[in-house]
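Some notes on the structure that comes next.
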Amino acid sequence: MLKRFFILCSGADADILSDSSAGEQNKYAGIGATVFFTAVMAFVAASYALYTVFDTYIAAIFFGLLWGLLIFNLDRFIVSTIKKKDNFMDELMQASPRIILAIIIAIVIAKPLELKIFEKEIDRVLLEQKNDFTLANKEQIATQYNPAIATIDAEIGALKKEITLKETEVNTLYETYIAEAEGRKGTEVIGKGPVYKEKREKHDATLAEFAELKKTNAEKITALELKKAELATEYTTQVNTSQPIIDNFDGLMARVNALNKLPWLPSFFIFLLFLAIETSPIFAKLLSPKGEYDYKSEDVENEIKTWVAQKEDQRKALLETDHAINDKVYGDLTKEEELYAYKKKIAREMMKKQQDAFYKRQIEGL
């Protein structure tokens, strides 16, 4: 039962193989098994690749099954259409398009399985890329807010500087009227005289201005700090909103690109493995000598060709004979007086009717 199924997979004629030797049947059963298991691997590879796209097992398995059946049909067609010839170069030329197709199929099958085999290494590469994308994203978003934040910081700094300068001025005036009272500066007279009072009043006025300035600037600084906090909140919101896009950067194309960043030698050997599996049925047929099945298949084809050629020749002979008989029949009819007299009579009546119709039309036109 299993051998019959694999023979079916090989695309060989089961009726011809049933009369062939056991060795010939085993050869084509082996070719069919290779075709079948290649289709199974294609199903697994496609299902995994499609799962990374759809994130659902049902869709991945369904489309993976379709892909596996497609690869099975292509491989079966490739193997079944290769015919053994007497010249190896003719066979190679015949198989060359099929070999190219087999290479393409091997690449398509191998790539998703490489993604699964090197999944951990690919995840590491993707993590590095995500970290780089996260930093770049933060820097890019920051460029939208940094100028405004820098302007606010400059305004806050100017307000604080203004307070500091006013405080310095107040401290200087305080030191001036104290020094006047102690007689260290100014009039150098100890006591609180008119000059002291003048300097004290100036200090008190400046101190009041300082208090008002400090209150006003504190309110302005608070408003600016609030605006700065709002910008920081907007920046954090944008970063958090765009981060899921970066976190989901692990689709099929991203994984293929990450795979290409890994050392190429392991992937190349996996590709060679699948290429060997995919092309093994073709080369098995190319390198094996003509077997019993090939001779029987060729005999059946030649028998059909001979039968078709014979029928075509018979149709040509029948057509030529029919033409010759028709020529002879019509040649003999031309010599019969009775047929001549009858046709002459019909022609005379036809000419009379044509003449009468012509005359009648002429009269109507007058």
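Across D327, D299, D356, mean-square fluctuation computed from a Gaussian network of the chain (C-alpha pairs under 10 Å connected) peaks at D356. Lysine pairs in the range 17-155 whose alpha-carbon atoms fall under 20 angstrom of each other, counting only those eight or more residues apart or on distinct chains, come to 7. Note that the range 252-366 carries a Kirkwood radius of 24.3 Å, evaluated over its alpha carbons pair by pair. Hydrodynamic analysis of the range 138-249 uses the Kirkwood radius over alpha carbon pairs. Inserted into Stokes-Einstein at 20 °C and 1.002 mPa s, it gives a translational diffusion coefficient of 121 µm²/s. Listed by chain and number, the aspartates and glutamates whose alpha-carbon sits under 18 Å from that of K228, ignoring those within fewer than 8 places in the same chain, are E139, D153, E155, E219. Across the chain, Cα pairs under 8 Å and at least six residues apart give a relative contact order of 22 percent. Taking 29 Å as the straight-line reach from the Cα of K345, the lysines in range (excluding those fewer than 8 positions away in the same chain) are K328, K335, K353, K360.
How far is helix 119-182 tilted off the main Cα axis of the chain, in degrees rounded to 10, range 0 to 90? Value to nearest ten degrees: 20. For the range 308-365, rounded, prolate or oblate, judged on the Cα gyration tensor with a ≥ b ≥ c (square roots of eigenvalues), a/c < 1.5 rounded, else prolate if a/b > b/c? Note, shape of the range 308-365 comes out oblate. Here K166 is the anchor, and the lysines within straight C-alpha reach of less than 23 Å, apart from those fewer than 8 places off in the same chain, are K185, K197, K199, K202, K214, K215, K220.
Summing charges over all other residues whose Cβ lies under 9 Å from the Cβ of A102, with Lys and Arg as +1 and Asp and Glu as -1, gives -1. For the pair D327 and M1 in one chain, pulling the backbone fully straight at 0.36 nm per residue adds 111.0 nm over the alpha carbon distance. In order along the range 101-115, the phi-based Karplus estimate (6.51 cos²θ - 1.76 cosθ + 1.60, θ = phi - 60°) of 3J(HN,Hα) comes to 4, 5, 5, 4, 5, 4, 5, 5, 6, 5, 4, x, 5, 4, 4 Hz; Gly and Pro are listed as x. Computed extension gain for Q144 through Q310, at 0.36 nm per residue and net of the alpha carbon distance, reaches 51.1 nm. With the simple spin-label model, which puts each label point 7 Å out from Cα in the Cβ direction, the S242 to L319 separation comes to 7.7 nm. Restricting the calculation to Cα atoms, every distinct pair contributes to the Kirkwood radius of the range 103-159, found to be 15.3 Å. What translational diffusion coefficient, in µm²/s and rounded to a whole number, does the Stokes-Einstein relation yield for the chain at 10 °C and a viscosity of 1.306 mPa s, taking the hydrodynamic radius as the Kirkwood radius over Cα pairs? The estimated diffusion coefficient comes to 49 µm²/s.
Bear in mind these aren't lab numbers, they're just calculated from the coordinates by the rules spelled out. Please read all numbers here as calculations on a predicted model, not as lab measurements. Neighbour counts are summed over all protein chains in view; Cβ atoms, including those assigned to glycine, are modelled from backbone coordinates with ideal geometry.
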